[in-house]
Amino acid sequence: MPEPVARSPVAPAPPVVVKAGWEVSGRRADATGASALTLTDCTPLTKVQLRAPVDGEFAASLGVPFGRAARDPDGTLVVGSGPGEWLLLAAPGQAGGLEPMLEEAADQAPGESVTWVDLTHGRALFRLYGSPAARVLAKVCGIDWSDGITPDGAAFRASVAALATDVIRDDVGGAPSYLLHCERSSGRYLFDALLAAGAEFAIEIDGFDPPGI
Amino acid sequence: MSEPTSALRLPPQPGEVINRGEPLEFTWNGHPVRGYAGDTIVSALAATGERVFSRSMKYHRPRGLLSASFHDPGCMVQVGDEPNVRGAHRLVAGGIAVTSQNTWPSLRLDAKAVNRLAGRFLTAGFYYKTFMRPRFAWPAYESVLRRFVNAGTVSPGTAHTRAEKRHAHPDVLIAGGGPAGMAAAISAARAGASVLLVEEEHALGGHLRWGSEADLAVLAELAGLVAAEPGIEVLTDAVALGRYDGNSVAILERRHGGAEAERLIRARAKTMVVAPGLIERPYVFAGNDLPGVMLSTAVRRLINLYAVKPGQRAVVLTANPDGDAAVADLKRAGVEVVRVEDARLGGDIVAATGRTGVRAVQVADGTRIACDLLVTAVGWTAPTSLLNAAGDRPVYSPQAARYFPDAARLPENVLVTGGIAGDGSVEELTAHAAAVGAEAARRAARTAAAWIAATPTATAPEAATTAAVGPDAEAGHEESVRHIPELPVDAHPALFAGRTNGFVDFSEDVSAKDLRAAVAEGFRGAELAKRFTTATMGPLQGKLETVNTVAVVAAATGATIAETGTTTWRPPYVPITLGALAGRAFEPVRYSPMQPWHDAHGAVPLVAGAWIRPDRYGDAAAEAANVREHVGIIDVTPIGKLDLRGPDVPKLLNLLYVNKWSKLEIGRVRYGVMCAEDGVVLDDGVTGRLGEEHYLMSTTSSGAATIWEWVENWLQTEHPDWRVHVTPVTTGYASMNVAGPQARRLIERVTKDVDLSNEAFPYMHVRTGTIAGVSDSVLWRIGFTGELSYEIHVPAGYGLHVWETLMAAGADLGVAAFGVEAQRILRLEKGHFIVGQDTDGLTKAFSAGLDWAIKLDKDDFAGKPELAWQLAQGITTKLVGLQPVDSSVVPEEASLIVDGDTIAGRITSSRMSPTLRRSICLAQVEARLAEPGTMVTVRLPSGGLIQARVTPQHAHVDPDGGRMRA
């Protein structure tokens, strides 16, 4: 019986390689630097959804309010994706590794209803990177992408190409960058929509490299 | 090839926009023409001596250049298969084929001009009085009338293009890129605002572009300052179509990416500055539509932008400095200006005469002057539509003979500047605009601060107060209101309609006489006269006609222009193609992780909502038979799945389902039905208990989103105290159902950690384990087909791997994929109903045969009162199994069940059963006909009648369920 390999809803652009147990694209974009525009399928990232009282001890321990995202000391991106709801984004295969931390934190908040669900396979997730990124998104979403309204660290849910999508602004090296994730079965559609919108700006697919976050 | 006639193409002009180094060749009505890059279609034709570009709508009178702008009524042409192109605005491109519209046999000799002979019968509103009788003749009338409609042709073979859309959120949107617009943009950008500057022409500058050398110098300076500001985005060949609530503005971008490609921009501006300038008005007099009658701005554009001599011998009627400047330009271009009638001194034009162009003009003192060009400069129209949309009601100034905005009525987020606000020198106008721009930026910053403070995604609140505050601001303090200087208002003669009858609306062929006749018939207001005559209803949407129309109606009624009022400006400001409005269609599509396998194996796609599912791989009946005989696998990923966690999940399940859930053990699965509060069946599915406080609920595929909302609605609004967390995991799992007598053998080959024996893992139980090497997989012993079956849910990323592993492992067992159609056959054989197919929006649970599931002794559940009432009242309809007497007949679904002349039910599901080799059905029937053995009559869509017998139970195959419990 062959070893299981996980796949994204997006067929990887050649060359196809296996990293961290996932079939991913090994492509490298030709253009580099902040002026380049790239789209990377980051679906292999670990995604764990937390639920807890919006104003309880557990929420305070996370330290990330609704509408914001921030990295913890271990590099996990903690996203305040909704009132009383958080999404943890970590390197592939880390869902089990996060559990002890979550259990410890839950123990520090006795009486609070705290649950978590591994959504690694339930969400497709992409990174749109580069200075033209906001102009691409302006073609598929009506959100105001200015620095004042959606600065680095903003997290929200919007309609992107008519699809309910969670967006996190996560700048890299000072260049604008956005993480977009949706329910998995629409991943291929969203990826294609972003590629089509980015064609005007010479968007390229860039392969996934763990840890990827 | 027509070479530019040396007499009409002028030597290089200081402000010309043509590129003489790039000649372009195109055809006009089949004849080759040469122009230059930067020429418009009509300027290139005018340079060759062409004067007639179209025929008018009703009378097919020859028409030429009037305004030489987008709003020129006489210059609509067809370019290739694109109709109604504004020839005085569209740039020439090499190789285009330009033709006149709706002329036969030619533009020069248009037979439809015969309409002029019937002119007295074709006055405004003629269609209300003629072509009415006899009624049966209308189709003939219509076919004749259509031949005279002045519109181009659209080829059915025209390629459909996808127009893109874009969103924009500027701090300051400036509509109009003339000197005022540019100055406002510079000022706003220097104050720290992001600016979107929208200009209708191909370049910024407004009237400066065809102005004097001093104007060109000002233009160059302003353009340089605009280009130097990184915060200004400039859109040329773009128009603000309309202003909506919250300063949402629709912008049409006619060219982008260097090509003629319309795109809609949906902008939401914190403030908007309206700086559209003024549109020159025509004068109404006999012969005012003859080719060779032009506005002063038209001749200045032709000379200064396109280096085209407008004529040889001109008469000019001027009432303002722009007319005076046109005289100077004409002389500089070598045109013989034989007479200047100065309206400020009593001068006037009585009539122009000619057939295909101006030949002579009669002036106020009666003198008849031979000429080929008549230029008028009689005043301006203020294009106030964006202001009207913002709630303004412009006020007419008799002193200036035009309308002005009423600043007191404008909302905080709309400002106005430029010629539409007042007169003055370029310096005065730009100073006013700079102040307006700064004030617009100040208001935008205040709005931005409020929005940022209210937005959870923003940075710390203290940062919001410093947002969008430029270098001129006092740090830490809100900027004070900018002082905006007053603009002077120059006096202008009120010149609208002259002494003789002429055209008011050139596009609609409506004359002053038509308007006076309308008033005489009782249509005494501007709006009524408009609707009766269609004045201002043509392609120009009133830009050249509105004020003249109002003036003629006012004169006819004895009222003033102010008393008469205008018609209502409505968006779009200019036409926009339906393609640009629609934009690219975003239609999300959903795929299972196994879709690549389905595609590779010839699956016929079934569109199920947003999902693409495999309907069949070949013969659906054979697929179903294979399940009964061997083993089949179906992709059921779309089945709704909700992860439920928390100590109060049983309370939730008891509330939502009609049956009882308090004692569901870990590892057990229970079937449940949900009803809405009216007792109507809402959804069904199974829920299994995976852990102490962990459950997995399944729903129908089409009900997944609805049930999630349903669950959350109950939790958030009715029971926020319940400790339950719901997470949709529909696509987090790849789901597949393995069904058939060989199902257990196949599963055993790929599963670890799970005892699959019937004793250890009986029907309606759930286990977790490792399947095909994938841990955390969920294995349900449930089924929809009536066979021994297991429903597997694996983390979705491994779905294809597991599917392929099963297919490989079961090759010797006869494993084959089966699609949705085969599943429908199998479930019908088993008698399982489908919510929404065998039930409808009125089917309460008892009517669906769910008596066994409904526990009215529960404290409460959604729909209980209605179901109790239904039971007490008596059940009027029932879902039954049905078998036609003639087993070869498969009645179409929705076929009626009749009892004499009355309808007694309908077929809800119907198939040919490969297992029984006969037709089988489910049906809703009146309760009195639901007894097993009852014969009912089915009316087929063809009208034929067949007999069918009610079966003892819904299941047609294995009613005792022995196969699925094996």
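The values are calculated or read from the model by the stated rules, or taken from the named source; none is laboratory data. As the structure is a computational prediction, the values presented were derived from the model and not from experiment. Here the Cβ is made from the backbone with ideal geometry for all residues, glycine too, and neighbour counts use every protein chain on show. With ligands, DNA and RNA removed, areas are computed over all heavy atoms of the protein, side chains included. Shrake-Rupley method; radii C 1.70, N 1.55, O 1.52, S 1.80 Å.
Does A:ARG184 qualify as being at the interface with another protein chain (Cβ under 8 Å from one of its Cβ atoms) and within 30 Å of B:ALA608 (Cβ to Cβ)?
Working: at the interface with another protein chain (Cβ under 8 Å from one of its Cβ atoms): yes; within 30 Å of B:ALA608 (Cβ to Cβ): yes.
For A:ARG184, the condition - at the interface with another protein chain (Cβ under 8 Å from one of its Cβ atoms) and within 30 Å of B:ALA608 (Cβ to Cβ) - is met.
Scan segment B:657-703 for residues that are open to solvent by 20 Å² or more (accessible area, probe 1.4 Å), part of a loop (DSSP other than H, G, I, E, B) and more than 19 Å from B:VAL636 (Cβ to Cβ) and the total you get is 10. Total residues in segment A:1-56 satisfying the condition of being assigned to a strand (DSSP E or B), closer than 22 Å to A:ASP170 by Cα and either among the hydroxyl-bearing types (Ser, Thr, Tyr) or within 14 Å of another protein chain (Cβ to nearest Cβ) (or both): the figure is 10. Listed by first and then second residue, the pairs linking a residue in segment B:158-172 that is touching a residue at least 60 places away in the same chain (Cβ under 8 Å) and closer than 13 Å to B:ILE232 by Cα to a residue that is open to solvent by 50 Å² or more (accessible area, probe 1.4 Å) and part of a strand (DSSP E or B), with Cβ atoms under 6 Å apart and 6 or more places separating them unless they lie on different chains, are B:HIS169/B:ARG268.
Quickly run through segment B:717-727 and pick out the residues that are within 14 Å of another protein chain (Cβ to nearest Cβ) and either assigned to a loop (DSSP other than H, G, I, E, B) or over 35 Å from the mean Cα position of the chain (by Cα) (or both).
Residues of segment B:717-727 within 14 Å of another protein chain (Cβ to nearest Cβ): B:719-727.
B:HIS719, B:PRO720, B:ASP721, B:TRP722, B:ARG723, B:VAL724, B:HIS725, B:VAL726, listed by residue number.
Just so you know, in segment B:570-626 the residues that are of a type in the set (Gly, Ala, Ser) and in contact with a helix residue (DSSP H, G or I) (Cβ under 6 Å, 6 or more places away or on another chain) include one that is nearest to the other protein chains (Cβ to nearest Cβ), and it is B:ALA620.
Residues that are away from chain A (no Cβ under 14 Å) and of a type in the set (Gly, Ala, Ser), at least 2 per element: which helices (runs of 4 or more DSSP H) completely within segment B:779-887 meet that?
Details: elements: B:799-809, B:820-830, B:864-873.
In segment B:779-887, the matching helices (runs of 4 or more DSSP H) lie at B:864-873.
Exactly one residue out of B:LYS129, B:LYS165, B:LYS112 is within 14 Å of chain A (Cβ to nearest Cβ), of a type in the set (D, E, K, R) and either more than 34 Å from the chain's Cα centre (by Cα) or open to solvent by 40 Å² or more (accessible area, probe 1.4 Å) (or both): that is B:LYS165. Among residues of segment B:474-493 that are within 18 Å of B:LEU415 (Cβ to Cβ) and at pLDDT 90 or above, none has a beta-carbon under 8 Å from a residue that is open to solvent by 100 Å² or more (accessible area, probe 1.4 Å) and charged (D, E, K, R) at least six positions away or on a different chain. Can you say whether B:ILE834 is within 43 Å of the chain's Cα centre (by Cα), farther than 13 Å from B:VAL680 by Cα and β-branched (Val, Ile, Thr), as far as the supplied structure shows? Yes: the conditions hold for B:ILE834.
Would you confirm, using the coordinates I've provided, whether B:ALA88 is part of a loop (DSSP other than H, G, I, E, B), open to solvent by less than 10 Å² (accessible area, probe 1.4 Å) and on the phi > 0 side of the Ramachandran plot? Talk me through it step by step, then tell me what you get.
On the way: part of a loop (DSSP other than H, G, I, E, B): yes; open to solvent by less than 10 Å² (accessible area, probe 1.4 Å): yes; on the phi > 0 side of the Ramachandran plot: no.
Considered against the rule, which asks whether it is part of a loop (DSSP other than H, G, I, E, B), open to solvent by less than 10 Å² (accessible area, probe 1.4 Å) and on the phi > 0 side of the Ramachandran plot, B:ALA88 comes out as no.
Being charged (D, E, K, R) and more than 12 Å from every other protein chain (Cβ to nearest Cβ) is the filter here, so list the residues in segment B:228-282 that pass it.
First, pick out the residues of segment B:228-282 that are charged (D, E, K, R): B:229, B:233, B:237, B:243, B:245, B:253-255, B:260, B:262-263, B:266, B:268, B:270, B:280-281.
Scanning segment B:228-282 gives B:GLU229, B:ASP237, B:ARG243, B:ASP245, B:GLU253, B:ARG254, B:ARG255, B:GLU260, B:GLU262, B:GLU280, B:ARG281.
Checked against the criterion of being without any contact (Cβ under 8 Å) to a residue 60 or more places away in the chain and part of a strand (DSSP E or B), segment B:259-277 contains one or more residues that satisfy it.
No other residue among B:THR99, B:THR103 is open to solvent by 20 Å² or more (accessible area, probe 1.4 Å), touching a residue at least 60 places away in the same chain (Cβ under 8 Å) and among the β-branched types (Val, Ile, Thr) apart from B:THR99. Tell me, yes or no, whether segment A:155-162 has at least one residue that is on the phi > 0 side of the Ramachandran plot, out of contact with any His (no Cβ under 9 Å at 6 or more places or on another chain), more than 9 Å from chain B (Cβ to nearest Cβ) and touching a residue at least 60 places away in the same chain (Cβ under 8 Å). Within segment A:155-162 (the criterion being on the phi > 0 side of the Ramachandran plot, out of contact with any His (no Cβ under 9 Å at 6 or more places or on another chain), more than 9 Å from chain B (Cβ to nearest Cβ) and touching a residue at least 60 places away in the same chain (Cβ under 8 Å)), the answer is no, since none of the residues qualifies.
Can you give me the number of residues within segment A:194-204 that are farther than 13 Å from A:ASP41 by Cα and open to solvent by less than 10 Å² (accessible area, probe 1.4 Å)?
So the answer is 2.
Taking only segment B:507-529 into account, find how many residues are open to solvent by 10 Å² or more (accessible area, probe 1.4 Å) and either closer than 20 Å to B:ASP72 by Cα or not in a helix (DSSP H, G or I) (or both). Summing the residues that are open to solvent by 10 Å² or more (accessible area, probe 1.4 Å) and either closer than 20 Å to B:ASP72 by Cα or not in a helix (DSSP H, G or I) (or both) in segment B:507-529 gives 8.
The number of residues in segment B:534-579 being more than 30 Å from the chain's Cα centre (by Cα), assigned to a helix (DSSP H, G or I) and without any contact (Cβ under 8 Å) to a residue 60 or more places away in the chain comes to 10. The one condition from (1) closer than 27 Å to B:PHE833 by Cα; (2) within 10 Å of chain A (Cβ to nearest Cβ) that B:ILE771 does not meet is (1).
Scan segment A:116-159 for residues that are within 30 Å of A:GLU104 (Cα to Cα), of a type in the set (A, V, I, L, M, F, W, C) and in contact with a Cys (Cβ under 9 Å, 6 or more places away or on another chain) and jot them down. If the condition is that a residue be within 30 Å of A:GLU104 (Cα to Cα), of a type in the set (A, V, I, L, M, F, W, C) and in contact with a Cys (Cβ under 9 Å, 6 or more places away or on another chain), then A:ALA124, A:LEU125 are the ones that fit.
Scanning segment B:629-646 finds no residues that are in a loop (DSSP other than H, G, I, E, B), surrounded by fewer than 23 Cβ atoms within 10 Å (Cβ to Cβ) and of a type in the set (D, E, K, R).
Counting only strands (runs of 3 or more DSSP E) that sit completely within segment A:58-129, those holding 1 or more residues that are away from chain B (no Cβ under 14 Å) and under 16 Å from A:THR46 (Cα atoms) correspond to A:69-71, A:77-82, A:85-90, A:123-129. Scanning for something more than 30 Å from the chain's Cα centre (by Cα), open to solvent by 10 Å² or more (accessible area, probe 1.4 Å) and more than 23 Å from B:LEU779 (Cα to Cα), does segment B:584-599 turn up at least one residue? Yes.
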